[in-house]
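Okay, structure first, notes after.
We did not get these values from a lab; they are worked out from the coordinates using the rules stated. Everything numeric in this text was worked out from a predicted model, so none of it was measured. With ideal geometry, Cβ positions are generated from the backbone for all residues, glycine too; neighbour counts draw on all protein chains shown.
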Amino acid sequence: MTMALAMFLFFVGITLLITYWAARRTSGASAFFAANRQIKGWQNGFAVAGDYMSAASFLGIAGIIAFQGYDGFMYSVGWLVAYLTVLLIVAEPLRNAGKYTMADVLAYRLSARPVRAMASLSTITVSIFYMIAQMVGAGALVALLLKNSGISYHTAVIGVGVLMIVYVVFGGMLATTWVQIIKAMLLMGGTILLSILVLAHFGFSFANFFNAIGHVVYHEKGVEVVKDFLQPGLRFKPPYGALDLISLGMALIFGTAGLPHILVRFYTVPDAKTARISVVWAMGLIGTFYILTTFLGFGAATIVGRDKIATSGGTNMSAPLLAQSLGGDFFFAFIAAIAFATILAVVAGLTISASTSFAHDFYTNVIHRGTERKPGEEVRVARVTAFVVGAVAMAVAILLGPNANVAFLVALAFAVAASANLPVIVLSLFWKRFTTRGAVFGLGTGLVASILLIIIGPSIMGVDAPGATAAAHLIQSPPIFPLENPGLLSIPLGFVGAVLGTLLGREPAAEAKYDELLVRASTGIGAEKAGGH
Amino acid sequence: MTDDQEPESTVDDLTPEVGAATDVAPLGRAETKPAHELTAAEDSDPVDWSRVTQMPEFRAMVRAKLRFIIPAVIFFVVYYFALPVLVGYAPGLMSKKIFGVINIAYLFALSQFFMAWIIAVLYLRAAARFDKMEHTVVEKAASELGSQRENKE
């Protein structure tokens, strides 16, 4: 499988050239944090799509559909619909009223230090959890895809970690953006090609394809079964299946618009109008991708078959195995290389959003009360933070090892974004009476509720089946909270925390500044302009 | 180069601070200062935000935006959550086959993508209208500010 490695190294080579090019153009804070606000609408659309579609989407959802049919497809719907929240509520006001981070909008009329400290904590929590999930995934993928190339889990994790640090530290937002754009193009290209090959396999007949989906044959406990894979209920089973899906839907619909690495993208474009256009571009790409998971997932179920996928690496191998059976080793290598590129780009995006938040929100505004003591200090702090964040993520990923169950970390990231970040963003934009205490309570309640409910839920608590090789649950006792996704409870709690905190007292200074925020957020008067060059 | 870097102020910089108590002598007058005596700080606020929010053009723009956004958000949230709710609690209905093996559940899930795209396109078109209204607001705000400053003199 050295071909996959060669293709991946080719991608790395191109991205390093981009980083070199970007580094020569990156001087000053606006360039480092926001690519001088000169990214074009379609480019940012690709970059948003690239930041958003992780290996979990590409390999994970194809695998869920290959194994659980319709339920997997239903799972993928929410990832697109979530962008309506971004488009209609968040993107334009954020671009108009903020500078580099989500907290800029929250701190606009509230007391800056407590709000920024909490927002920064929540941003870094989301980013690091998400990043660890991606890095463990990258390492595990290497074990599957590059079995005979002599690359170990540790080498893969360190390689990904070092590359993401290089992109961010030297190339800043400009390099990170272009890494996303190229990755999104590769991912779309690979997915479209694979879908066409699946259709070709069925003689370009949708009737044949869907007939095959209606009669998927596999073995369950040694007995041959024939199932209609378009029938719901293979994954989400009573009593809690439907509730868990609704809960996940809430985390997606309200969480995407609170994901820090997506929100920072809207600061890279010249104005709110371009931000809007870029969301629509992203929706076109993301929607196309998730519709095509029909071909990837059902294609793997019908052409490769559950039995073969289960014995050669498990659900995550569905898409690569499909590529192998349709296009041979070369295409397998191509798809595997895209999967790595995907992980690499996503972790780079997370790294820059975490370090921007630490440098801009925490270091400059909380510790030094909004003044840079030396010019360029904020950028220097962000670069150091990128090193630290990268090192922490690498260390944790290596400690956890390739068999750790990390899927819940992605659920956790979305839950925190939906329960902590989104309520305070929406309330600070639309509720004049909203106060600093409301924001701090809302962020705190959302963050704590999400983490607690995940800990007492079935991802962490549970009783392993006797004789299981790897421990699947950290706490060996029946779960207290029955859902894997805490959104159903934690999102209302986040809102309640924010509202109760606000009702505890009034903040005339914040109310007085509401008109200013309203005018600026809705007209773009005084918004940050695109920089020079 | 960038507007982010504040000029450094050090002790040996003897330039008088603009807007400091020593900058303009109040001369003991109680009435408002004439425009030429305003300090930079007093004269700096370029926009009277509350006045802008009271402009009929601004209010019309905000109303127009909300009139699109609120129904659109309610619609997509209801439409989206109808999918897991119906699949979870009315699986019999959703499993009904329409063409061949294709059932209501699959068509409904697929329709979600087109629902999202249609709302996005409708919003793009509505937003072009909002942009025009915004342009009027910004121009009017700028000209009103001019007259506001003249009134002071």
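Is there a simple number for the mean count of other chain Cβ atoms within 10 Å of the Cβ of residues in B:105-111, and what is it?
5
Averaged across A:248-261, how many Cβ atoms of other chains sit within 10 Å of each residue's Cβ atom?
The per-residue average across the peptide is 1.
To test your reading of the geometry: what angle, between 0 and 90 degrees and rounded to tens, separates the Cα axis of helix A:436-455 from the longest principal axis of chain A?
Helix A:436-455 and the main axis of chain A meet at about 20 degrees.
Using 7 Å Cα-to-Cβ label points, what is the B:A60/B:Y89 separation (nm, one decimal)?
4.4 nm
Across peptide A:77-89, what mean number of C-beta atoms from other chains lies inside 10 Å of a residue's C-beta?
Mean number of neighbouring Cβ atoms from other chains: 6.
If you project the alpha carbons of region A:279-428 onto their three principal axes, what span does each projection cover, largest first, in Å?
Between the extreme Cα coordinates on each principal axis of region A:279-428 lie 61, 36, 26 Å.
Calculated FRET efficiency, A:E224 and A:N403, Cβ-Cβ r, R0 25 Å, to nearest 0.05?
0.25
List the equivalent ellipsoid semi-axes of region A:2-403 in whole Å, largest first, each obtained as the square root of 5λ for an eigenvalue λ of the Cα gyration tensor.
Those come to 37, 23, 19 Å.
Neighbour counts of other C-beta atoms within 10 Å: give me A:L94, A:L163 arranged from fewest to most.
A:L163, A:L94
With charges set only on the Cβ (+1 for Lys and Arg, -1 for Asp and Glu), what does the dipole of the protein assembly as shown come to about its Cα centre, in debye to the nearest 20?
1400 debye
What is the fewest-to-most order of B:K132, A:K221 by other Cβ atoms lying within 10 Å of their Cβ?
Final ranking by Cβ density, sparse to dense: A:K221, B:K132.
Taking 0.36 nm per residue of sequence separation and subtracting the Cα-Cα distance, how much length would be gained by fully extending the chain between A:A395 and A:L9, in nm to one decimal?
Here the answer is 136.6 nm.
Taking K and R as +1 and D and E as -1, what net charge do the other residues with C-beta under 14 Å from the C-beta of B:M61 add up to?
+3
Quick check for me: using +1 on Lys/Arg Cβ and -1 on Asp/Glu Cβ, what's the dipole size of region B:48-152 about its Cα centre, in debye to the nearest 20?
It comes to approximately 240 debye.
Let me see the pair-distance distribution of the protein assembly as shown: every alpha carbon pair, 10 Å bin width, integer percents in order.
Binned Cα distances yield the sequence 3, 14, 25, 26, 17, 8, 4, 2, 1, 0.
With unit charges on the beta carbons (Lys and Arg positive, Asp and Glu negative) and the dipole taken about the Cα centre of chain A, which residue among A:M461, A:T85, A:W431 sits farthest to the positive side?
With unit charges placed on the Cβ atoms, the residue in question is A:W431.
How would you rank A:E220, A:E516, A:E377, going from fewest to most other Cβ atoms within 10 Å of each one's own Cβ?
Going from sparsest to densest Cβ surroundings: A:E220, A:E377, A:E516.
Per DSSP helix of 4 or more residues, -39500 (n - 2.57); summed, then divided by the residues of chain A. What does that give at 222 nm, rounded to the nearest 500?
Result for chain A, helices only: -21000 deg cm²/dmol.
Pop the C-beta distance of B:S143 and A:F430 into the FRET formula with R0 = 25 Å and round what comes out to the nearest 0.05.
The computed FRET efficiency comes out at 0.30.
Quote the relative contact order of chain A in percent (integer), defining contacts as alpha-carbon pairs under 8 Å separated by 6+ residues.
About 30 percent, as a whole number.
With each label point set 7 Å from Cα along the Cα-Cβ vector, what nm distance links A:Y20 and A:F204?
4.4 nm
Considering only the other residues whose Cβ falls under 14 Å of the Cβ of A:E220, what net charge follows from Lys and Arg at +1 and Asp and Glu at -1?
Result for the local shell: +1.
Find how many whole Å separate the alpha carbon centroid of region A:137-190 from the alpha carbon centroid of region B:50-64.
With region B:50-64 and region A:137-190 each reduced to a Cα centre, they are spaced 48 Å.
Could you state the number of Å between the C-alpha centres of region A:237-301 and region A:2-58?
Region A:2-58 and region A:237-301 have Cα centres spaced 20 Å from each other.
Pick out, from A:Y240, A:V157, A:G137, the residue whose Cα sits farthest towards the positive end of the charge dipole of the protein assembly as shown, with +1 on the Cβ of Lys and Arg and -1 on the Cβ of Asp and Glu.
Result: A:Y240.
At what distance in nm do the modelled label points of B:K132 and A:L500 sit from each other, each positioned 7 Å from its Cα along Cα→Cβ?
Those two pseudo-labels are separated by 4.9 nm.
Taking Cα atoms, how many degrees apart are the long axis of helix A:272-293 and the longest axis of chain A, rounded to 10 and kept between 0 and 90?
Roughly 10 degrees, rounded to the nearest 10.
Would you mind counting up the charge near A:P458? Only other residues with Cβ under 11 Å from its Cβ, with Lys and Arg at +1 and Asp and Glu at -1.
So the surrounding residues net to -2.
Determine, from the Cβ-Cβ distance of A:F387 and B:F114 and an R0 of 35 Å, the FRET efficiency 1/(1 + (r/R0)^6), rounded to the nearest 0.05.
0.20
In degrees, nearest 10, range 0 to 90: what is the angle between the Cα axis of helix A:487-503 and the longest Cα principal axis of chain A?
That helix lies at roughly 10 degrees to the long axis.
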